[in-house]
Structures are given as structure tokens and as C-alpha cells.
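J.: For reference, the structure I am asking about is given below.
Just so it is clear, none of the values below were taken in a lab; they were calculated from the coordinates. This one's a predicted model, so the numbers in the text were calculated from it and none came from an experiment. Because the Cβ atoms are built from the backbone with ideal geometry, glycine has one as well, and the counts that use them run over all protein chains shown.
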Amino acid sequence: MTPVDDAALLALAIGAPGQGKLCTGRVYQVTAPTTVYRVWTASKAYTQLGGWWSLTAPVGPVAAYRADNAICAEWSALDTVSSCTIKLGAHVVIGPGQSADCEGDADHAQSATNQVFIPNDTRKGQLFVDSCTPGVPWPGPAAAP
């Protein structure tokens, strides 16, 4: 990946404290095949190709993954995982997660774990990943909460 300037994309990825998203980030242009991983909600198939991804395969338990990536329970069940390849030339943002104010008492602090923001929007026909695997249940029995 090569660092590039894309202020508009960076602004989409950065969130204020409590909002989730990223607390800081850097925009990159993808110059070589890069695999990314997404944990999503099986009952909401449209979430498979959303915007938030990881460069490493997820590990459980779910509560630890949720805390490491500042993901509120109301945002995702985190019960399915897929991997895809980012399309060459795509711009992505990589940075650590911003804090998230969740329903109830399950708030998450800023995270040192890097996340990848890919501006996919299937409603607009905007998809920057391909060669995706079908979703499989996650976590496996050994990693369950």
C-alpha cells in the first residue's frame, strides 16, 4: 500500500469520541493484493460487505474482539466472518478504533487495534473488494464467549 492524500475519505473514517469509527488514520492506495476480514451479522446479509475490516483474521472470544475493535453489540452480532481481497487502486483508511458509547453499560475505550475502513456502499454500486468467501459461523467453538 502507498500513502495518499484523500481528505474526504479520511473524514468519513474519523469519528468523534464515543462514535466509534477511527480516532486517527492514514489513507492508502492498494498496490498489491491485500486480504481483509470482516465479522458481521448473518441475519442481516446486507452487512457482509460493509465498511469496517481487519488485516488479520479475527480471534475470539466475541467480547474480547468487540472490546479490541470498539464494536457495540447493537451494531453487530459478530456471528459470521468473511474474507475478501481489496481491489487494486482502491483507497482505504487504516487506523486505531475510536471509543464507542454503546447502549447500557458496555461502552468501549479507544483501541490500539488497527481497523481498515473501505468505503463500500452496495446501495450505490460502490464495492472496493472482490474474491470474497461466503460467510462462515464465527467464532468457532473453542473461541465462543
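J.: When F128, F117 are ordered from fewest to most other Cβ atoms inside 10 Å of their Cβ, what list results? Numbers along the way, then the final one.
T.: Working: F128 20, F117 23.
If I rank by nearby Cβ atoms, fewest first, I get F128, F117.
J.: Tell me whether segment 30-77 comes out rounded, prolate or oblate; compute the Cα gyration tensor, take square roots of the eigenvalues as a ≥ b ≥ c, and use a/c under 1.5 as the rounded threshold.
T.: Details: a/c = 2.28, a/b = 1.36, b/c = 1.68.
It is oblate, given that a/c is not under 1.5 and a/b is not larger than b/c.
J.: Right, next: Which FRET efficiency value, to the nearest 0.05, is calculated for E74 and N114 with the Förster distance at 30 angstrom and r the Cβ-Cβ distance? The partial results should precede the final answer.
T.: Working: r = 23 Å, r/R0 = 0.78.
For E74 and N114, the calculated efficiency is 0.80.
J.: Of P134, P17, P119, which has the largest mean-square fluctuation in a 10 Å C-alpha GNM of the chain?
T.: Maximum among the listed residues: P134.
J.: Same structure, new question: What is the extension gain from A7 to D130, computed as 0.36 nm multiplied by their sequence separation minus the C-alpha to C-alpha distance, in nm to one decimal?
T.: Taking 0.36 nm per residue and subtracting the Cα distance, the gain is 41.8 nm.
J.: Write down, largest first, the equivalent ellipsoid semi-axes of the chain in whole Å, where each equals the square root of 5 times an eigenvalue of the alpha-carbon gyration tensor. Intermediate values should be presented prior to the final figure.
T.: Numbers: eigenvalues 103, 73, 35 Å².
Working through the eigenvalues yields semi-axes of 23, 19, 13 Å.
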